[in-house]
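Visitor: Can you keep this structure in mind? I'll have questions shortly.
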């Protein structure tokens, strides 16, 4: 069933922001209810399918829109202002498309790009390099994946998965693109955390899943070149843009509440809450932090785009410059989003804690996601550069 009108679908890059904003407005109508219920946002994911935004980052020659990384992260940010779970799985979809481009050969990624654009496929994640419970066995011309996976964000209601496992022969990480409906794959509805309630980041099990050699991402493989090592930096920027959007969403809702609902404190000497000097101070600090984060985010995205355009000729030093910009933005995004989503209650007052408003969802979402990648290690990387001129070492998290 077609839910969107033609005017709300992507026809060119000029439609990206209006389309994303329209979808965000639809998501906002049910965001609080869906935060309470959890589960798969099937209706909302279908809206994204129909919008054409799943093909945003795919080159035009393969049926997409040749969107830049700025275009993609702008949509992540807009979605996150109202629903960071949907922003998460949308951002990961494009991260996974980038994964097949970075880890696979041209024949592989071009084939998958074409069918993704044609059929509006959603890609889900079953790649967790820290979870080594899935073992890959070499068979006669194919591979067998068996084991469990955790944190499989967006896997439910997807058409394709990026899955990882450990080579039984040498312990190396192997990665493949697999249809979600492939026999032997079971995805569990067991994600029930305090935040990011609709990312479906639960567990899965692979039971003797057959993966053809043509679907293994071995050429060049993960983190084998400076260019392929851009993958974790793209993942980090998904969260930078998401955290920025969450902070902006919290700011917007708090501003509306302060101006329309909050009462002036009896000792303030003013009639309206929006005239209170202490509340004004908080909003001034919010504004300063948001404006600073926007610039750091823009800088990191621009450096990523430059590196992406250089492609296979990217050097270690050029990759290192992107890593520094991304780490800087990630630390700032984490701190800013946690701070603003917590302190909004200081500018809205006791009535703003009413459960029906669900203003705590902004903090819960950032708190949940930020724990998956402690920023202390990003700060250490920045210290290594600041003191010893050493770029962050490429890994699946930096």
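Visitor: Which residue, of 211, 238, is assigned to a strand (DSSP E or B) and either assigned by TED's automatic domain parsing to the domain that holds residue 176 or under 12 Å from the mean Cα position of the chain (by Cα) (or both)?
Guide: 211
Visitor: Can you work out which of the residues in the range 344-369 that are touching a residue at least 40 places away in the same chain (Cβ under 8 Å) and not in a helix (DSSP H, G or I) is surrounded by the most Cβ atoms within 10 Å (Cβ to Cβ)?
Guide: Checked the range 344-369; the qualifying residue surrounded by the most Cβ atoms within 10 Å (Cβ to Cβ) is 359.
Visitor: All but one of (1) over 30 Å from residue 323 (Cα atoms); (2) in contact (Cβ under 8 Å) with a residue 40 or more places away in the chain hold for residue 175; which doesn't?
Guide: Going through the list (1) over 30 Å from residue 323 (Cα atoms); (2) in contact (Cβ under 8 Å) with a residue 40 or more places away in the chain, residue 175 breaks only (1).
Visitor: Moving on. Of the residues in the range 120-149, how many are surrounded by fewer than 16 Cβ atoms within 10 Å (Cβ to Cβ) and within 26 Å of residue 84 (Cβ to Cβ)?
Guide: Number satisfying all stated conditions: 2.
Visitor: Kindly indicate whether any position in the range 188-200 is assigned to a strand (DSSP E or B) and out of contact with any helix residue (DSSP H, G or I) (no Cβ under 8 Å at 6 or more places or on another chain).
Guide: Scanning the range 188-200 turns up no residue that is assigned to a strand (DSSP E or B) and out of contact with any helix residue (DSSP H, G or I) (no Cβ under 8 Å at 6 or more places or on another chain).
Visitor: Evaluate the range 248-255: report whether one residue or more is under 23 Å from residue 303 (Cβ atoms), touching a residue at least 24 places away in the same chain (Cβ under 8 Å), assigned by TED's automatic domain parsing to the domain that holds residue 335 and outside any loop (DSSP other than H, G, I, E, B).
Guide: Looking through the range 248-255, at least one residue is under 23 Å from residue 303 (Cβ atoms), touching a residue at least 24 places away in the same chain (Cβ under 8 Å), assigned by TED's automatic domain parsing to the domain that holds residue 335 and outside any loop (DSSP other than H, G, I, E, B).
Visitor: Filter the range 188-215 down to the residues that are closer than 23 Å to residue 104 by Cβ and surrounded by 15 or more Cβ atoms within 10 Å (Cβ to Cβ) and list them by number.
Guide: Those that are closer than 23 Å to residue 104 by Cβ and surrounded by 15 or more Cβ atoms within 10 Å (Cβ to Cβ): 204, 206, 209, 211, 215.
Visitor: Right, next: Quick check on this structure: which one of 263, 294 is at pLDDT 95 or above and in the same structural domain as residue 326 (by TED's automatic domain parsing)?
Guide: 294
Visitor: Next question. Report, by residue number, each residue of the range 159-174 that is part of a strand (DSSP E or B) and under 17 Å from residue 148 (Cα atoms).
Guide: Passing the criteria: 161, 162, 163, 164, 165, 166, 167, 173, 174.
Visitor: Also: Would you check if there is a residue in the range 334-342 being crowded, with 19+ Cβ neighbours inside 10 Å and part of a loop (DSSP other than H, G, I, E, B)?
Guide: Within the range 334-342, none of the residues are crowded, with 19+ Cβ neighbours inside 10 Å and part of a loop (DSSP other than H, G, I, E, B).
Visitor: Here is a further query. If I filter the range 108-128 down to residues being free of Cβ contacts under 8 Å to residues at least 60 places away in the same chain and over 21 Å from the mean Cα position of the chain (by Cα), which single residue comes out as nearest to residue 229 (Cα to Cα)?
Guide: 110
Visitor: I'd like the full set of residues that are in contact with a helix residue (DSSP H, G or I) (Cβ under 7 Å, 6 or more places away or on another chain) and assigned to a strand (DSSP E or B), limited to the range 119-142.
Guide: Hits for the range 119-142 are 123, 125, 142.
Visitor: Does residue 173 fit the bill of being touching a strand residue (DSSP E or B) at 6+ places or on another chain (Cβ under 9 Å) and farther than 18 Å from residue 89 by Cβ?
Guide: When the stated conditions are applied, residue 173 passes them.
Visitor: Without any contact (Cβ under 8 Å) to a residue 60 or more places away in the chain and in contact with a helix residue (DSSP H, G or I) (Cβ under 8 Å, 6 or more places away or on another chain): which single residue out of 92, 65 fits that description?
Guide: 65
Visitor: Shifting gears a bit: Restrict the check to the range 305-314 and report whether at least one residue is under 24 Å from residue 251 (Cβ atoms) and out of contact with any strand residue (DSSP E or B) (no Cβ under 6 Å at 6 or more places or on another chain).
Guide: Within the range 305-314, not a single residue is under 24 Å from residue 251 (Cβ atoms) and out of contact with any strand residue (DSSP E or B) (no Cβ under 6 Å at 6 or more places or on another chain).
Visitor: For the range 257-276, give me each residue that is surrounded by 12 or more Cβ atoms within 10 Å (Cβ to Cβ) and outside any loop (DSSP other than H, G, I, E, B).
Guide: Listed by number, the residues that qualify are 257, 258, 273, 274, 275.
The values are calculated or read from the model by the stated rules, or taken from the named source; none is laboratory data. Remember, predicted model here, so these are calculated numbers, not experimental data. Cβ sites come from the backbone with ideal geometry, for glycine too, and all protein chains shown count toward neighbours.
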